[in-house]
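Working notes, beginning with the structure itself.
The values are calculated or read from the model by the stated rules, or taken from the named source; none is laboratory data. All values reported here derive from a predicted model rather than from experimental measurement. Cβ placement follows ideal geometry from the backbone for every residue including glycine, while neighbour counts extend to all protein chains displayed. With ligands, DNA and RNA removed, areas are computed over all heavy atoms of the protein, side chains included. Shrake-Rupley method; radii C 1.70, N 1.55, O 1.52, S 1.80 Å.
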Amino acid sequence: MDERDILHGALQAAGAVKKGAQLKIGVIALAVFMVGMLLLGTFVPGGSAQAAACEDTGPGTSDAAPVSKTSSGHATGSLRQQQIHYAKIIDSVAQKYRLPGRATLIALMAAMQESTLQNLSYGDSDSVGLFQQRPSQGWGTKAQITDPTTGPAFAATSFFEGRGTNPGLADIKNWESLPLGTAAQKVQKSLYPNLYAGHESAMRALAKDAGIDLDRPGSTPDHGAPTSPTISQNTGCTNSTDRIGPAGKSSGKFTDGKQTWTLHNPRSVADAIAWAEAHAGANSTGDWYQRCLAFTANVYGWSYSGVIYAIDHYTVEPASMRHDGDRHPPPGALMYWDTGHRAGHIAVYLGNGKIASNDILRPGYIDVVDAGLIESKWGAKYVGWTPPYFPKAG
């Protein structure tokens, strides 16, 4: 996710992906401004600590709570039920045009990244709907895209068949043989092309729950060309990067009551907790979607963690630092959960039973919640805690 390190903080939320051939001048200006601020050293470290192309996400990272903003066109029920509802609509459109199940999977991955599979009435700039399509880019009017009854099917039709001068999936040459995330990017034209691939496993599971046959073949001369096997883009990913950053200034001692460690993070524990609290709740920006490891690294002043998956950070910690199953971490500790998916989850313990966690109340945002909510809401399994040690960070 290296390409997000500079711009992610300004542009990425649960739908901050630009559509169409060109970006608005104001967005480009903002990006240039932020780059300049980073070069001047006046911007808080906000780089990514994960590689999205290798982050195979699922419940506990991507299947979070519904967003808190007003959104038209929401299906009823839990977020999972809503996502299944919209997945079925997307698949029905694919079947209408006799597209193979592979097309449905690509669309689900795109919609999950863009809107967490929600019919949003808002988004970055004028982006709206399941695929965060922009009326100003010719994807239809806001009413057409977000209408509670017809909007989801309208948006899905646009994704598959194109709209105006915007090509749809079926217009992309050899889309059937392209990697899944690459095919989605050909339609979406995202600033962050590697983000779609990470949703493959979660969307396969969602499709199974929705009764969608992703192996369904297409059946028309235009859209029914034989498809190659669906290959995950998450294969070949290593557990960590080779980037090992310089040690930060000494940030004090950390103890579990039996052992004591000297930390070398850019921020002390007290400063890190204060930073986490200051960037949570009403003060949180929406750029933390599925970026739990990135957030914990940024809390302690690092630009990146140097580890791809959140759960893997637990294994790169020295064995003496790992507290398996212990539910009494000191304030400032890193807590870990097995979510049943590759990425897992990590959060910063603030003390008094509270953690700072992304996505748990609002996709993309940081909120301070009870640590037990990760298990009760997501069904995750608690793994343990470690001191805030980032051996591969920089």
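Structure notes:
- Here the Karplus relation 6.51 cos²θ - 1.76 cosθ + 1.60, evaluated at θ = phi - 60°, turns the backbone of the range 322-332 into coupling constants of 7, 10, 4, x, 6, 10, 10, x, x, x, x Hz, with x for every Gly and Pro.
- Loop-located trypsin sites (Lys or Arg not before Pro) in the range 302-343 (DSSP state other than H, G, I, E, B) with a sparse environment of at most 14 neighbouring Cβ atoms within 10 Å: R327.
- For the range 346-363 versus the range 75-153, the gap between their alpha-carbon centres in whole angstrom: 29
- Solvent exposure of H328, expressed as accessible area, is near 150 Å², computed with a probe of 1.4 Å over the protein chains only.
- Rounded accessible area of Y382 (nearest 10 Å², 1.4 Å probe): 20
- Cα gyration tensor category, rounded, prolate or oblate, for the range 78-140 with a/c compared to 1.5: oblate
- Subset of K189/K377; K96/K208; K142/K208; K88/K381; K142/K377 violating a 23 Å alpha-carbon distance limit: K189/K377; K142/K208; K88/K381; K142/K377
- Extension reserve of the H328-D126 stretch, reckoned as 0.36 nm per residue once the Cα distance is removed: 68.2 nm
- Working from Cα pairs under 8 Å separated by at least six residues, relative contact order for the range 95-147 is 23 percent.
- Solvent exposure ordering (accessible area, 1.4 Å, most first) of K142, K381: K381, K142
- Applying the Karplus relation 6.51 cos²θ - 1.76 cosθ + 1.60 with θ = phi - 60° to the range 179-192 yields 3J(HN,Hα) values of x, 4, x, 5, 5, 4, 5, 4, 8, 7, 6, 6, 5, 10 Hz, where x marks Gly and Pro.
- Accessible area, probe 1.4 Å, largest first, for residues E317, E277, E161: E277, E161, E317
- Of the listed residues K189, K88, the order by accessible area with a 1.4 Å probe, largest first, is K88, K189.
- I273 accessible area, assembled protein chains, probe 1.4 Å, Å²: 20
- Per-residue extension of 0.36 nm, minus the Cα-Cα distance of T141 and K381, leaves a gain of 82.0 nm for this segment.
- Three-way shape call for the range 328-394 based on the alpha-carbon gyration tensor, with the a/c threshold at 1.5: rounded
- Sites T285 and D215, calculated FRET efficiency, Cβ-Cβ separation with R0 30 Å, nearest 0.05: 0.15
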